[in-house]
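First the structure, in the form of structure tokens, and then the observations on it.
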Amino acid sequence: MLFIASIISLLGALFLFLGSMGVLRMPDVYNRMQAGTKATTLGTMMTLLGIGLANTAWLPKILLLILFVLFTNPISSSALARAAHFSGIKLTDRSIRDNLADDKVEEQDA
Amino acid sequence: MVEYAYIIFDIAYYISLIAILLSFIRFYLGPTAADRVVALDVITICGINLIIQIAMRAGRIVYVDVALVYALLSFLGVISVARYLEGGL
Amino acid sequence: MRRVKALILSYLILTGLWLVLSEVTRNEFIIGSLVSATISLIFSSRLAILENVKLNPKALFCSIKFIFVFLRELFKSAIDVAIRVLSPSLPINPGIVKVRTKLHSKLGRIVLANSITLTPGTMTVEAKGEYLYIHWIDIKSDDIESATVAIVSTFEKHLEVMYG
Amino acid sequence: MIKYLLVFVAIIGIGYIFLPFVMEFSTPTKLNPLATSYVQGSVNELNMPNVVTAIVVTYRGLDTLGEVTVLFLATAGVGFLLKRKHDMVNHRRKCSEILCTGASLLTPLIVLFGVYIFAHGHLSPGGGFQGGVVIASGFLLLVMANISFHFSHNLIHFSESISGFIYVLLGLAGLVLLGANSFLDPRYLPAGKWLDIVSTGAVPIIYSIIGIKGGSELCSVIDSLQHGGTEL
Amino acid sequence: MPEIFALILLIVISLGAAVYAVFTKKTITALIASGIISLSASIIYLLMAAPDVAMTEATIGAGLTTVVFLYAMKHVKGGEDD
Amino acid sequence: MMVLICGLLLMLIGIWAMLIKKNIIRIIIGFSILDTGTHLVIVAIGYVKHATAPIVDKAVNISQNAEGGIQVLGKVVDPVPSALVLTAIVIGLAVTALLLSFAVRLYKVGNSLNINDYEELKW
């Protein structure tokens, strides 16, 4: 049981590492945010779950912690992406289309 | 098997330390303010992990409350900077 | 009647939260239920969005199924990000697309937006009425309909049963 | 350039003054007698597990009263310096629907968590100050998400003054019921069971009052910083 | 002693963020740096076995300090006047 | 020891920022760094080697003596500096808000944040 818990925890830590690696390597804010949100959320979930399985008395509080992280993390990253878009940070040159910017231009014309 | 488990927990601990360092480098490099806020967000989430791991090492359940505070309130800082950047504060 | 349902639901959730945070004893239960009753009365106008939660067996079954679908997608997304990060050429093809949702309740929309943020390669940037603007790391389709099918419909069919 | 040199010399000087203190300090291996007596007294006399709370509320209760007064004075200073503008015109950008709904769902949770923190101040880390700050943060979330949300001034002032009054009253109750030298002594209520929420006399009530006072004061700071500052 | 590595890392991060907060040109960047200082200080308090102080620093540093500075910066039109 | 040096360095960096910067908001950020450094120093003084938090629950070693009193056997850290810093942090926030409201007021009067533009109090 302890062994399985530690393996889960290690996998979570690896996801955390890959998430911050993505934050370091990606070309623009939006892609960094993608890496930063998904990988770190799963990493946090698995690390905490491993520790909760290792000592079972902590499990309720740790499940609550996971729930909070799962609810707040996407909201904050979505708000930040919106702010970045409105404050005029361009998408990277490799991006293809930007429907939100098109719609904003239409609104200003109308 | 059990003696390996503690070694694996140690390795996980070191890996999450490296994760904090990498996002701090992004904070240092980041060209715009939004990049730095993303780095702050990732550092906070890795910090929650670190707090729980410290709690496990110390064997005190009372330390978990600090991590709960961060999980509930950390997004407030991110959202406030976001609202400031988009002009809605 | 619907207001009363939202009040009772929020009271039950908050009391459960208090009991998880502390130990389960008689004194804790009394104080916790007092505190959560007060809070749910103070915030009753804001918690009215809980009215749309449906409480029938079908919705319960659907929510269990939704949790499993969500966990599967979360796994897929983290592995997807990992592969993209580890490959040296960074195979990304990003852009912002517009999709359309059929959900009417606010609660359903926020759960949908959060789920989209946590699924492979997509992130909600802005929500305006029934349109969602989504940053997609690897664009496969151009028009609204096919993008909707590709991104939204996985979760929407469960959420429609749960929250309407 | 000469200014930078002066600043550098000043920094080096301050560092040089404090360096011996840092270098000669060695981490002690056992507790000093005062702290030992506080720990034993908190566990035996007050029946309280959290020794820090015992010091803040009981042994150094007068200090806490003074600090609450300082907090009140700073708040009053902020409110005086930034007078409130009367015609409030909002030029703020609306927030997205996601943040709006998320704030409505999360604020009750944050407020409940704040109440948990100050109701369990004698058992787990936390207490009045922290709980008050958490509650103020919850209301701050509403302010940031909703353009139309405002704090009710009368409510803030009422809760601030009434909680300060009750705090002093609870201190005086110790003086009346237990005799001289016992201002802010919580032992006029029964000590209760070990590790129960209703225990350690009046400490949970006193700390909750401090929490409400601190929370309403921080709410008033946020309110005066948000609007105001245009009128001279 | 794995705790000592965490302590060293947190000290390095807090000192680096403090130096960065002094050197940077933009005020908002200095503000985010002070957020990182607060986070690392909070975990250092936890390692120093003072969870009460860590919780206070967490509640204050996570939201309120940033927000108070940001409101003041809104009133002074960005605060870039150096 | 290491934390003590870190706190001292943070204090020095804060004083440096306060002396060298001309923008008032940046001076206040320097003040808050100085605040954090001071708190780190005070907490580090109270630390005892290999000790745990001063919250006596199941994780701390205790023994009952004959009269029913409890003797704490496990090592705990000094609670007095914690209690001092606890209130000092909240007051630090209030003082920061006060300083910022002074800055806003100065900006409304003089329309500038540069500290060199305010010469009325210079000698």
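The values are calculated or read from the model by the stated rules, or taken from the named source; none is laboratory data. Here the structure is a predicted model, which is why all the values come from computation and not from measurement. Cβ placement follows ideal geometry from the backbone for every residue including glycine, while neighbour counts extend to all protein chains displayed. The protein model used for the area step is the full one, side chains on, heavy atoms only, and it has no ligands, DNA or RNA in it. Shrake-Rupley method; radii C 1.70, N 1.55, O 1.52, S 1.80 Å.
Here are the numbers for the structure shown:
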{"item": "Cα centroid separation, the range C:22-43 to the range F:46-91 (Å)", "result": "29"}
{"item": "Karplus 3J(HN,Hα) series, Hz, for the range D:144-153 with 6.51 cos²θ - 1.76 cosθ + 1.60 (x for Gly, Pro)", "result": "6, 8, 10, 6, 8, 7, 10, 6, 7, 5"}
{"item": "Per residue convex hull volume, Cα atoms of chain D, in Å³", "result": "226"}
{"item": "For residue F:76, residues with placed amide H under 5 Å, excluding near neighbours", "result": "F:52"}
{"item": "Between B and A, accessible area buried - total, square angstrom, nearest 100, 1.4 angstrom probe", "result": "4200"}
{"item": "Positive dipole terminus of the protein assembly as shown, leading residue within C:10, C:35, F:25 (C-beta point charges)", "result": "C:10"}
{"item": "Probe 1.4 Å, protein heavy atoms only - accessible area per residue of the range C:1-137 in square angstrom", "result": "47"}
{"item": "Residue of F:29, F:42, F:70 that the Gaussian network model of chain F assigns the largest fluctuation, springs spanning Cα pairs under 10 Å", "result": "F:70"}
{"item": "Cα-centred dipole magnitude for the protein assembly as shown, charges only on beta-carbon of K, R (+1) and D, E (-1), debye, nearest 20", "result": "880"}
{"item": "Largest-first ordering by accessible area, 1.4 Å probe, given options D:187, F:26", "result": "D:187, F:26"}
{"item": "Cα gyration tensor category, rounded, prolate or oblate, for the range F:53-119 with a/c compared to 1.5", "result": "prolate"}
{"item": "Radius, Kirkwood style, for chain E when every pair of distinct Cα atoms is counted (Å)", "result": "13.7"}
{"item": "³J(HN,Hα), Karplus 6.51/-1.76/1.60, whole Hz, each residue of the range C:56-73, x for Gly, Pro", "result": "10, x, 5, 5, 4, 4, 5, 5, 5, 5, 4, 4, 5, 4, 5, 5, 4, 5"}
{"item": "Interface C:D - total buried accessible surface [probe 1.4 Å, Å², rounded to 100]", "result": "2300"}
{"item": "Rounded accessible area per residue of the range B:2-85, 1.4 Å, Å²", "result": "26"}
{"item": "Projected-area average for the range A:14-99 over all orientations - Cα convex hull basis, square nanometres", "result": "6.4"}
{"item": "Options E:18, F:99, D:145, ranked by Cα towards positive dipole end of the protein assembly as shown, top entry (Cβ charges)", "result": "D:145"}
{"item": "Per residue convex hull volume, Cα atoms of chain B, in Å³", "result": "88"}
{"item": "F versus E: buried accessible surface, summed, Å² (probe 1.4 Å, to nearest 100)", "result": "3800"}
{"item": "Selected from D:152, D:208, D:216 as most flexible by GNM, with chain D as the system and alpha-carbon contacts under 10 Å", "result": "D:152"}
{"item": "Cα pair distances exceeding 51 angstrom across the protein assembly as shown, given as percent", "result": "12"}
{"item": "Of F:43, F:60, F:77, the one that fluctuates the most in a GNM where chain F has Cα springs shorter than 10 Å", "result": "F:60"}
{"item": "Sorted largest first, extent of the range F:2-117 alpha carbons per principal axis (Å)", "result": "72, 27, 16"}
{"item": "Surface per residue (accessible, 1.4 Å probe) for the range F:2-117, Å²", "result": "36"}
{"item": "Cα long-axis angle, helix F:79-110 against chain F (0 to 90 degrees, to the nearest 10)", "result": "10"}
{"item": "Members of the range F:91-105 that become less accessible by 30 Å² or more once partner protein chains are added (1.4 angstrom probe, chain alone as reference)", "result": "F:91, F:93, F:94, F:97, F:98, F:100, F:101, F:104, F:105"}
{"item": "Rel. contact order, % - alpha carbon contacts under 8 angstrom, at least six apart, chain D", "result": "28"}
{"item": "Rounded percent of accessible protein surface that carbon and sulfur make up, the protein assembly as shown, 1.4 Å probe", "result": "68"}
{"item": "Alpha-carbon centroids, the range C:72-106 and the range C:126-141: separation in whole Å", "result": "11"}
{"item": "Alpha-carbon centroids, the range D:164-184 and the range A:10-30: separation in whole Å", "result": "56"}
{"item": "Compactness of chain C as Cα Rg over 2.2 N^0.38 Å, two decimals", "result": "1.27"}
{"item": "HN-Hα J in Hz across the range B:6-21 - Karplus 6.51, -1.76, 1.60, θ = phi - 60°, x for Gly and Pro", "result": "5, 5, 5, 4, 4, 5, 4, 4, 5, 5, 6, 5, 4, 4, 4, 4"}
{"item": "Over 29 Å (Cα to Cα) - which of A:38/A:61; A:38/C:98; C:54/C:140; C:128/D:213; D:3/E:26; D:213/E:26 fall in this group", "result": "C:54/C:140; C:128/D:213; D:213/E:26"}
{"item": "Cβ-based net charge around residue D:101, under 11 Å, with every Lys or Arg adding one and every Asp or Glu removing one", "result": "+2"}
{"item": "Dipole of the protein assembly as shown [Lys/Arg +1, Asp/Glu -1 at C-beta], most positive-end residue of B:85, D:75, C:139", "result": "C:139"}
